[in-house]
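Let me begin by presenting the structure, written as structure tokens, before commenting on it.
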Amino acid sequence: MRPNATVKRDGILFVLSGPSGVGKSTVREKLISELGLIYSISATTRAPRAGEKEGIDYEFITTEEFERRVKANEFVEWARVFGRGYGTPKIQLLVQIKKGNDVLLEIDVQGADQIRMLQSSLGVEIYYIFILPPSLEELRRRQQKRGSDSFVEIEKRFQWALVEISHAHEFDFVVVNKNVEETIGVITEFMKAARSA
Ligand code: 5GP
């Protein structure tokens, strides 16, 4: 327990990763609403999918703007995933943490790796959570069900999923998403424990 609960503390950073199609967005949305987390909206060069909103799901930017932000060191971490750029804006993240808000990043394993390397210089309390599929067959089925991606796109995502899964052991908390409500429940308990640690 923290010595004095009334003393304002910095926020905690939660990093959520897992292969594409594992159900991260559903879990993320529920965690944000139930635990009052701030979601760090990434910038990406990929096109919006049907139903995705600018400034809510992502900040959709051009490749030129992405490269400019990389050079200007405006991302706390960034990566190329499926040939597209993805990055976490630095200033907003640090401002929220300093305000005492707990922030959730939903990023890939390359990004999680960069955050790990920066951890001591960031001076932020960070917990890393990874979501696994119940099986590879089930993951493939879920990726195919998404419908908005082409066959080639789905195959690329599946191959990359295998790489991502091979990094699961680097995370503090790994959960198999058999049932989404149960997954949300166990991650919620983990986050509550982290908050009161
Ligand atoms: P999608 O295109 O399906 O939204 O995301 C593809 C992958 O990029 C997912 O694994 C997602 O977690 C990851 N991603 C989203 N935003 C970021 C980011 O800011 N940084 C990194 N490194 N990965 C991200």
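Residues checked against (1) assigned to a loop (DSSP other than H, G, I, E, B); (2) at pLDDT below 95; (3) more than 20 Å from E34 (Cβ to Cβ):
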{"position": "Y127", "(1), (2), (3)": "no, no, no"}
{"position": "P134", "(1), (2), (3)": "yes, no, yes"}
{"position": "D149", "(1), (2), (3)": "yes, yes, yes"}
{"position": "I154", "(1), (2), (3)": "no, yes, yes"}
{"position": "L162", "(1), (2), (3)": "no, no, yes"}
{"position": "V175", "(1), (2), (3)": "no, no, no"}
{"position": "A193", "(1), (2), (3)": "no, no, no"}
Practice task
Please verify whether region 3-12 includes one or more residues that are within 15 Å of the ligand (Cβ to nearest atom), at pLDDT 95 or above and surrounded by 12 or more Cβ atoms within 10 Å (Cβ to Cβ).
Solution key: no
Fill in the blank from the handout: Within region 73-105, residues being within 10 Å of the ligand (Cβ to nearest atom) and of a type outside the set (A, V, I, L, M) number 11
Exercise for the section: Filter region 73-97 for residues that are of a type in the set (D, E, K, R) and not in a helix (DSSP H, G or I) and give the result. Expected result: E74, E77, R80, R84
Problem - Filter result for V70 (among the β-branched types (V, I, T), part of a strand (DSSP E or B) and within 19 Å of G111 (Cβ to Cβ)) - result: no
Fill in the blank from the handout: A careful count of residues in region 117-131 that are more than 21 Å from L162 (Cβ to Cβ) and either without any contact (Cβ under 8 Å) to a residue 12 or more places away in the chain or not hydroxyl-bearing (S, T, Y) (or both) gives 10
Completion exercise
Residue hits (region 106-125; of a type in the set (A, V, I, L, M, F, W, C), in a helix (DSSP H, G or I) and away from the ligand (no atom under 15 Å from the Cβ)) are L122
Exercise for the section: Evaluate region 53-64: report whether one residue or more is within 28 Å of V186 (Cα to Cα) and surrounded by 18 or more Cβ atoms within 10 Å (Cβ to Cβ). Expected result: yes
Practice task
State whether the residues of region 81-97 include one that is within 24 Å of W160 (Cβ to Cβ), touching a strand residue (DSSP E or B) at 6+ places or on another chain (Cβ under 9 Å), surrounded by 19 or more Cβ atoms within 10 Å (Cβ to Cβ) and of a type in the set (A, V, I, L, M).
Solution key: yes
Handout entry: Flag for T45 being exposed (fewer than 12 other Cβ atoms within 10 Å of the Cβ), in contact with a Gly (Cβ under 9 Å, 6 or more places away or on another chain) and over 22 Å from G11 (Cα atoms)
Key = no
Exercise for the section: Pull up region 29-51, narrow it to residues that are of a type in the set (D, E, K, R) and more than 9 Å from the ligand (Cβ to nearest atom), then point me to the one that is nearest to V109 (Cα to Cα). Expected result: E29
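The values are calculated or read from the model by the stated rules, or taken from the named source; none is laboratory data. A quick note: this is a predicted structure, and the numbers were derived from the prediction, not measured. Because the Cβ atoms are built from the backbone with ideal geometry, glycine has one as well, and the counts that use them run over all protein chains shown.
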